[in-house]
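Take a look at the structure below.
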Amino acid sequence: MARRAGAETYPARFRKSVHRARVALRKSGVDYFRGDGADWVALVGLLLTVPAITCATLLEPLWFSPAALGLPIVAGGLLLRPASLLGLYAAAAAALIVESLGLGPYQDGPGTVTPGIVLVVAACGFFGLVLAQFRARVGVPWRRGSTMLFDLRERIRVQSALPRLPQGWHCEMALRPAGGQSFSGDFVVAARTSGGRTLEAVLTDVSGKGMDAGSRALLLSGAFGGLLGSLPPHGFLPAANGYLLRQDWDEGFATSIHLVLDLESGDYELFSAGHPPALQLHSGSGRWEEKAAEGPLLGVYDGAQFDAVKGSLAPGDVLMLFTDGLVEASDRDIEEGIDRLTGEADRYVATGFEGAAWHLIEACAKDVNDDRALLLLSRSA
């Protein structure tokens, strides 16, 4: 019986040991690729390159310069933690000493360790340490940093996607961040509510521009997307205003315009929070009309009131919502920018407005150093 118990317990113990080892190996692998585990693999690889560079420099000094030691140091700044980076620096310093002893004094000719080479390697080490300390402070490893930024950008684009509209309606949006960046302080959230009969769209311009406003725009776009359709139309901007006030940002204001459109009748309401007016093209007269609703900026004071302006889109009419970066610049006022926008938009009356949003931004505000967004809605004749 004792022999049988031992035979039964040994395989069980072995399986438990294998299971623990497998779990530990999997956890260490996951932690490493997430940036939470040790960076010993990268450290060992870079430490092995240091003697390889040293041997190549001693054997072929004309082809391999002592300054090549800056290459693993730069790579270490991207891969290693500050503590591991100091070990790599010690190995590089020892390699420079060996190279200086093997190649002789720098007065003997080229291919030796000169004070300039020492300064170059030291400068690479300094900037590498700064990068490593910044990554350690942020907590985002370089392997996932760009992936995270790409994911944030795609989330903003997904949240700004416009819903499919019934036949007879066309809607498109164009967005151009300041300075050609990927992040913008302008965003759109839209949804079909009331069983699909109503289109609600909100165009918002967060204070700041480009990367400076991108994080706040991402946060607000998620919050506004949750509020849209969950509240009656007249309650959206007051709720958004209260949310922005609770954030207590130093630069915490935003402008916004909220469109509520009945897709069956064409009747709509516009609520504005300090936003530039909308523009409606009346197909019958061929004239543009400004639709300006009243309301203060979001995030300025509590208890703000937002009064709606009403209108109707007849067959052939067009409605444009835009941010101030499209019509306002340092060398022109907003009225001049609106005149230019409507003049460019008149060119698409005969051919239709499909694909016109991007071209209108290119024509009116191509080189403006500000975020620009245009939401265009048209009804077929």
In Å, the Kirkwood hydrodynamic radius from C-alpha pairs for the range 38-126 sits at 13.0 Å
The answer for the per residue Cα convex hull volume of the range 289-381, in Å³, is 115 Å³
Taking the mean number of other Cβ atoms within 10 Å as a proxy for protection, how do you rank 279-285, 323-329 from highest to lowest?
-> 323-329, 279-285
Label-reachable residues, the range 287-318, where backbone N falls under 13 Å from a point 7 Å from D267's Cα toward its Cβ = 310-313
Using packing as a proxy for protection, rank 162-175, 291-304 so that the peptide with the highest average count of other Cβ atoms within 10 Å comes first.
-> 291-304, 162-175
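Every number here is computed from the coordinates shown, using simple stated rules; none is lab data. These figures come from a predicted structure and were not determined experimentally. Cβ sites come from the backbone with ideal geometry, for glycine too, and all protein chains shown count toward neighbours.
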